[in-house]
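The values are calculated or read from the model by the stated rules, or taken from the named source; none is laboratory data. Just so you know, these numbers come straight off a predicted model, no measurement behind them. Here the Cβ is made from the backbone with ideal geometry for all residues, glycine too, and neighbour counts use every protein chain on show.
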Amino acid sequence: MRILMLNPPFLPKFSRESRSPAVAKSGTLYYPMWLAYATGYLEKKGHEVTLIDAAASDASAEEVVEKVRHFSPALAVLDSSTPSIYSDVEIGKTLKQALPSLFIVLVGVHVSALPGETLDLSPAIDAIAFGEYDETLAELAALLAESPRSDSMLAKIRGLAFRSSNGEIVKNASRPFIEDLDAIPPVSGVYKEHLDISPYFYGHSRYPLVVIVTGRGCPYHCTYCVVPQTLMGHRYRKRSIVSIIEEFKYIAENFPDVREIMIEDDTLTTDKKRCMEFANALVSAGATRIPWSANSRADVDYETLRALKRAGCRLVCVGFESGDQQILDNIRKSLSLDTIKKFVRDAKRAGILVHGCFMVGNRGETPETLEKTLALAKELSPDTAQFFPIMVYPGTADYAYFDERGWITTRDFRKWLTADGLHSSVVSRPDLTYEFLVAFCDRARREFYLRPGYLLAKGIQALRHPAETKRLLKGGRTFIKYLLRPSLAAGQDI
């Protein structure tokens, strides 16, 4: 069967697969990673698949339709996100008009949380594959290849929601998570076959980069984090160390220009023993030529950090979130401020850079706790930092919490972004409005990045480590235009 995997057109440089989908001030553009993993799995099952990333190629809807007509698929899988969902559905309608027999499925965190509501948006959308969708799509494709669609056929597929022939929305039972992640082909091979990697960029990573995962799921229960709560679950399932080492070698051989590998596990360092095994295996295999980075919790001990550094780890991306302990407890971060501070000291001592993420507007937030967060960011002084207002997404505990209190200002998902596509916030309390939160983030960025000591350190870094210069210049060109102007125009309705 011919299958289209589509990251649909929307805003330029819009990252659907970001944990907070938006146009990033740093110019960051995410790979369509989960689509790419599913592409490899479907190809393994014998299907002819094409992966189109309209966000990366800046393809218009008309250009996408022309490519789809030429390919003539029987099944189309469209990625989605909360801020882009209405546009994603419209692209589905456009594809259905061009190829009326095309079976259209939406995937992603938003539709996993709201499958019925999404199907109600348009009869052009045939189904939703909710949760971890690789095996769901494979089963659907196999059944559609055998016979025309029917309600009885679709009702067999776990992890699928669909509109029946009488118009009723049916949500099947959830599909168990994939246990053998080695059964899914390495994603770097899919990138090699289907994508031009040059548009993809992370503000904290060397450019160009390749993004992979070594495991799925996160055992922690932070109230705001959308991927574990809607897509990949709370149990950390892991690839074999052997398969990861082989992929590192493949990337080195097939992407000679790549300067960094980003490991996008929700939290690679949650299993310290495996981290040590992974680090030792990389060194033993001589697979440390390309530096790599990873998401980490702020609780990794110095010895583990040193081992990761020896194995090529250049940077860790860490969610610090707040400088107030009660706020951290409120959002179930399971971290203390003392642990956070020790972690940053140990990371710097080990020679690993830190990208720090700070989120404001959390449960119990006040103007005073916001200032504590900014003070912590300056004290920690990570290599780079991002500040953003709380983004509550359907399916998360935070969405339910703020919704119950009447603090979500709109159900129009377009409003999750500003007019420029930047992070906004639809959480607004009488004493802490979203305008205040967005303005605070603007000020926090200025105060963090315009410190004389920080600017001097960046200059020294560029001189001492020329490999960092390309990253600093590429991200800085985009970032600087946002740094000195407000994210919200005066009187702007968000």
For the subset of the range 151-166 comprising residues that are touching a residue at least 12 places away in the same chain (Cβ under 8 Å) and assigned to a loop (DSSP other than H, G, I, E, B), which member is surrounded by the most Cβ atoms within 10 Å (Cβ to Cβ)?
159
Please find, within the range 243-269, the residue that is surrounded by the most Cβ atoms within 10 Å (Cβ to Cβ) out of those that are of a type in the set (S, T, N, Q) and farther than 20 Å from residue 18 by Cα.
243
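Residue-wise test of (1) in contact with a Pro (Cβ under 9 Å, 6 or more places away or on another chain); (2) of a type outside the set (Ser, Thr, Tyr); (3) within 23 Å of residue 232 (Cα to Cα); (4) modelled with pLDDT of 95 or more.
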| residue | (1), (2), (3), (4) |
| --- | --- |
| 73 | no, yes, no, yes |
| 79 | yes, yes, yes, yes |
| 87 | yes, no, no, yes |
| 100 | no, yes, no, yes |
| 104 | no, yes, yes, yes |
| 137 | no, yes, yes, yes |
| 141 | no, yes, yes, yes |
Is there any pair with a first residue in the range 106-133 that is assigned by TED's automatic domain parsing to the domain that holds residue 231 and on the phi > 0 side of the Ramachandran plot and a second that is basic (Lys, Arg) and at pLDDT below 95 whose Cβ atoms are under 9 Å apart and which are 6 or more apart or on different chains, and what are they?
none
Just one of the numbered conditions (1) aliphatic (A, V, I, L, M); (2) over 23 Å from residue 212 (Cβ atoms); (3) not in a helix (DSSP H, G or I) is not true of residue 178; which one?
(2)
Test residue 265 against the stated conditions and say whether it is in the same structural domain as residue 243 (by TED's automatic domain parsing) and in contact with a Ser or Thr (Cβ under 8 Å, 6 or more places away or on another chain).
yes
Working carefully through the options 205, 240, find the one that is in contact with an Asp or Glu (Cβ under 6 Å, 6 or more places away or on another chain) and surrounded by fewer than 16 Cβ atoms within 10 Å (Cβ to Cβ).
240
Residues satisfying the stated conditions in the range 286-310, i.e. loosely packed, with under 15 Cβ neighbours inside 10 Å, within 16 Å of residue 247 (Cα to Cα) and either hydrophobic (A, V, I, L, M, F, W, C) or touching a residue at least 24 places away in the same chain (Cβ under 8 Å) (or both):
289
For the range 12-120, give me every one of the helices (runs of 4 or more DSSP H) that falls completely inside it and has 2 or more residues that are β-branched (Val, Ile, Thr).
61-71, 85-98, 109-113
Extreme residue, surrounded by the fewest Cβ atoms within 10 Å (Cβ to Cβ), among residues of the range 7-39 that are at negative phi and basic (Lys, Arg)
19
In this structure, is residue 261 part of a strand (DSSP E or B), under 29 Å from residue 199 (Cβ atoms) and at pLDDT 95 or above?
yes
Which of the residues spanning the range 267-276 are in contact with a helix residue (DSSP H, G or I) (Cβ under 6 Å, 6 or more places away or on another chain) and not basic (Lys, Arg)?
269, 275, 276
